[in-house]
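Chemist: After the structure tokens below, expect a handful of questions from me.
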Amino acid sequence: AGKFYQHVPTETSQATLASVSPVFAVMKFDKEGNTTYFEKKKTELYQELGLQARDLRFQHVMSIATRNNRIIMRMEFLKAVITPEFLLILDYRNLSLEHWLLNELASQLAGEGQLVTYSLPFEFRAIEAILQYWISKLQGRLNTLQPQILETLEALVDPKLLSVDRSKLHILLQNGKSLSELETDVKVFKETILEILDEEEVIEELCLSKWTDPQVFEESTSGIDHAEEMELLLENYYRQAEDLLNEARELRVLIDDSESIIFINLDSHRNVMMRLNLQLTMGTFSVSLFGLIGVAFGMNLESSLEEDPRIFWLVTGIMFLGSGLIWRRLLSFLGRHLEPPLPPHVPAVLKKSQPAAGRVEIKNSLKGETFGLSRSTLTNQ
């Protein structure tokens, strides 16, 4: 009875763990490109593959690792386990992967596609197919962003526009954010491949068929061994990621330069408005200054001048003439202080005198050398 009661909690705990274990929707590809679908619990799957539970703990990260002659690839939402005989794609549903899995991946694994590694073992084709899919996905995102960004920048940088369209700025902000996310994803992809390239042991472990059938990798048809083949494969996609990152950086620099041009145009229009406001203020000041004469005559003071019929036109003429002269002087003062200074003029006499000075120096040096030679000659004599 004691033994029976001791086993009951253990069986209950195992049943509880089995009931809460996640279920993977798995798509399996073999060497001939045949596809099968099935669902399997996580505990059963990692036991069949000879892995541990943490090996199938797929976070939303990017990594390529080997474990027990298995390659575990994490490409964010793309989760794959590669063996020398088959490829498993886990949790492929609702991830927009069906088109690629059904129409492209099966043919590539069977050697019908344009993969460079079609003559190499199965794991080479599987790795290249997944890397090619991911780099093409990144390239597609860049191809979608690039025309949108260029069109928006062309509309914003137009110097004829006195104001900036706020809707265009909002679109540019969203595209800039998407471009930053793309740059981050490309950098992570590049760093993931670089970590493998820096470790020769990891490159050796990626060649799974070496451990199951060593004769396959004794020497390839091109005279390059298995590790070098895998290294060339990874370097190819590392270089493609580098080119893609350079294109994204050029687009980022173009956005920054366009923003500078937009700010310069806005500052130019702002300066024009400020200059016009300053001119009107100076004109108002000039009219107000000489308007004091009219104010003085408008006072209810008796003098002999108001009896003369010509004094009105004389005072009005003095007011307008004085206001115009003062405004003109203020505008000339403003023009002298706001216009950029001209570059200093180099007189033609100085330009002509420079070669002459050079010739004088050469003549003096020749004279010194001649004088020294003649002096030494006299000393010898």
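Chemist: Considering only region 173-223, how many residues are touching a Leu at 6+ places or on another chain (Cβ under 8 Å) and either modelled with pLDDT under 85 or not in a helix (DSSP H, G or I) (or both)? Before the answer, list the steps.
Modeler: Narrowing region 173-223 to residues touching a Leu at 6+ places or on another chain (Cβ under 8 Å): 175, 178-179, 182-183, 185-187, 189-190, 193, 196-197, 203, 220.
Now narrow it down to the ones that are either modelled with pLDDT under 85 or not in a helix (DSSP H, G or I) (or both): 220.
Residues meeting the conditions: 1.
Chemist: Can you name every residue in region 232-275 that is among the hydroxyl-bearing types (Ser, Thr, Tyr) and either touching a residue at least 40 places away in the same chain (Cβ under 8 Å) or closer than 19 Å to Gln139 by Cα (or both)? So that I can check it myself, show each step before the final result.
Modeler: First, the residues of region 232-275 that are among the hydroxyl-bearing types (Ser, Thr, Tyr): 237-238, 258, 260, 268.
Within region 232-275, Tyr237, Tyr238, Ser258 qualify.
Chemist: Just give me the residues in region 75-99 being over 22 Å from Ser209 (Cβ atoms) and open to solvent by 10 Å² or more (accessible area, probe 1.4 Å), in sequence order. Step through it out loud before you land on a result.
Modeler: Initially, region 75-99 is screened for residues over 22 Å from Ser209 (Cβ atoms), giving 75-79, 90-99.
Glu76, Phe77, Lys79, Asp91, Tyr92, Arg93, Asn94, Leu95, Ser96, Glu98, His99 - these are the residues of region 75-99 that are over 22 Å from Ser209 (Cβ atoms) and open to solvent by 10 Å² or more (accessible area, probe 1.4 Å).
The values are calculated or read from the model by the stated rules, or taken from the named source; none is laboratory data. On a predicted model such as this, the values are computed, not experimentally measured, just so you know. No Cβ is skipped: glycine too gets one built from the backbone with ideal geometry, and neighbour counts run over all protein chains shown. Only protein heavy atoms, including side chains, enter the accessible area calculation; ligands, DNA and RNA are left aside. Shrake-Rupley method; radii C 1.70, N 1.55, O 1.52, S 1.80 Å.
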